[in-house]
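Novice: I have a structure here, written as structure tokens, and I will follow up with some questions on it.
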Amino acid sequence: MAINKRSNAFSAVEMLIVMCVLTIMTAFLITVSAESDNGAKIARMEAEYAAMWLEEKMLAAQLNESRFTVYLHGIIGSRDLMMRVIWDTGPSKGQTEIYRMTSAHMRSVGTSHTFLYDGKWMTMTPSIAIGVKPPSLSDGTQLFLTVSGVGYTSVRDSLL
């Protein structure tokens, strides 16, 4: 009669299975982390593009001492907000320009959705705060595009 003696140690097959499972889990975590970082980079890039777009409009208004109104359109609080500029005075009077994010989502942070920029006085009334989120809404990252009352634009990690 043969006695089957089993060792308390793991067999090579069991060790290989454990190593494969750990490798798959590590690869998944690295991928999720890379996508999260990529989403944050996309949101920052989109926020900076929107800031440059607004700065370009403000510079044109300063050069011509003209005025424009910024409207935030879309379903308020939704992720698909767009900015619309309508020139009130100057050589572009009556013209409309629209900025819509292509890779990120923006939403209004404040209660106002209409803003006036006066190029003669270089003032924005009231100041603007727009939240910018990455394409993956599950990513907790949020940036803020702000335009101060004196027309200074910035992209921030928080409103404080």
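Novice: Has segment 59-67 got any residue that is among the small types (Gly, Ala, Ser), buried (at least 18 other Cβ atoms within 10 Å of the Cβ), touching a Lys or Arg at 6+ places or on another chain (Cβ under 9 Å) and closer than 17 Å to Gly119 by Cα?
Specialist: yes
Novice: Could I ask something else about it? How many of the residues in segment 41-88 are part of a loop (DSSP other than H, G, I, E, B) and in contact with a helix residue (DSSP H, G or I) (Cβ under 8 Å, 6 or more places away or on another chain)?
Specialist: Here is the first cut: in segment 41-88, the ones part of a loop (DSSP other than H, G, I, E, B) are 65-66, 74-79, 81, 88.
With in contact with a helix residue (DSSP H, G or I) (Cβ under 8 Å, 6 or more places away or on another chain) added as a condition, the list becomes 66.
Number satisfying all stated conditions: 1.
Novice: From Trp53, Trp121, which residue is of a type in the set (Phe, Trp, Tyr), in contact (Cβ under 8 Å) with a residue 40 or more places away in the chain, surrounded by fewer than 18 Cβ atoms within 10 Å (Cβ to Cβ) and on the phi < 0 side of the Ramachandran plot?
Specialist: Numbers: Trp121 fails: in contact (Cβ under 8 Å) with a residue 40 or more places away in the chain.
After applying the criteria, what remains is Trp53.
Novice: Just the residues that are aliphatic (A, V, I, L, M) and modelled with pLDDT under 75, please, taken from segment 16-32.
Specialist: Passing the criteria: Met25, Ala27, Leu29, Ile30, Val32.
Novice: Might you check whether a residue that is of a type outside the set (A, V, I, L, M) and modelled with pLDDT of 85 or more occurs anywhere in segment 33-43? So that I can check it myself, show each step before the final result.
Specialist: Restricting attention to segment 33-43, the residues satisfying the condition of being of a type outside the set (A, V, I, L, M) are 33, 35-39, 41.
This time we only want the ones that are modelled with pLDDT of 85 or more, so: 41.
Within segment 33-43 (the criterion being of a type outside the set (A, V, I, L, M) and modelled with pLDDT of 85 or more), the answer is yes, since at least one residue qualifies.
Novice: Right, something else. Does Gly94 satisfy the condition of being of a type outside the set (Lys, Arg), surrounded by fewer than 19 Cβ atoms within 10 Å (Cβ to Cβ), modelled with pLDDT of 95 or more and assigned to a loop (DSSP other than H, G, I, E, B)?
Specialist: Details: of a type outside the set (Lys, Arg): yes; surrounded by fewer than 19 Cβ atoms within 10 Å (Cβ to Cβ): yes; modelled with pLDDT of 95 or more: yes; assigned to a loop (DSSP other than H, G, I, E, B): yes.
Against the criterion (of a type outside the set (Lys, Arg), surrounded by fewer than 19 Cβ atoms within 10 Å (Cβ to Cβ), modelled with pLDDT of 95 or more and assigned to a loop (DSSP other than H, G, I, E, B)), Gly94 qualifies.
Novice: Quick test of your reading of the structure: Val147 fulfils all but one of (1) surrounded by 13 or more Cβ atoms within 10 Å (Cβ to Cβ); (2) under 18 Å from Glu56 (Cα atoms); (3) over 16 Å from the mean Cα position of the chain (by Cα). Name the failing condition by number.
Specialist: Only one criterion in (1) surrounded by 13 or more Cβ atoms within 10 Å (Cβ to Cβ); (2) under 18 Å from Glu56 (Cα atoms); (3) over 16 Å from the mean Cα position of the chain (by Cα) is unmet by Val147, namely (3).
Novice: Any residue at all in segment 127-147 that is at pLDDT 90 or above and out of contact with any strand residue (DSSP E or B) (no Cβ under 8 Å at 6 or more places or on another chain)?
Specialist: Checking segment 127-147: not a single residue is at pLDDT 90 or above and out of contact with any strand residue (DSSP E or B) (no Cβ under 8 Å at 6 or more places or on another chain).
Novice: While we're looking at this one, here's another question. Considering only residues that are among the small types (Gly, Ala, Ser) and in contact (Cβ under 8 Å) with a residue 40 or more places away in the chain, which ones fall in segment 124-160?
Specialist: Restricting attention to segment 124-160, the residues satisfying the condition of being among the small types (Gly, Ala, Ser) are 127, 129, 131, 136, 138, 140, 148-149, 151, 154, 158.
Passing the criteria: Ser136, Gly151, Ser154.
Novice: Also, quick follow-up: It is to be established whether one or more residues within segment 110-121 are under 13 Å from the mean Cα position of the chain (by Cα) and modelled with pLDDT under 90. If you could, list the steps in order and put the result at the bottom.
Specialist: The initial filter retains those residues of segment 110-121 that are under 13 Å from the mean Cα position of the chain (by Cα), namely none.
Scanning segment 110-121, I find no residue that is under 13 Å from the mean Cα position of the chain (by Cα) and modelled with pLDDT under 90, so the answer is no.
The values are calculated or read from the model by the stated rules, or taken from the named source; none is laboratory data. Model, not experiment: these values are computed from the prediction. Heads up, the Cβs are rebuilt from the backbone with ideal geometry, glycines too, and the neighbour counts pull from every protein chain shown.
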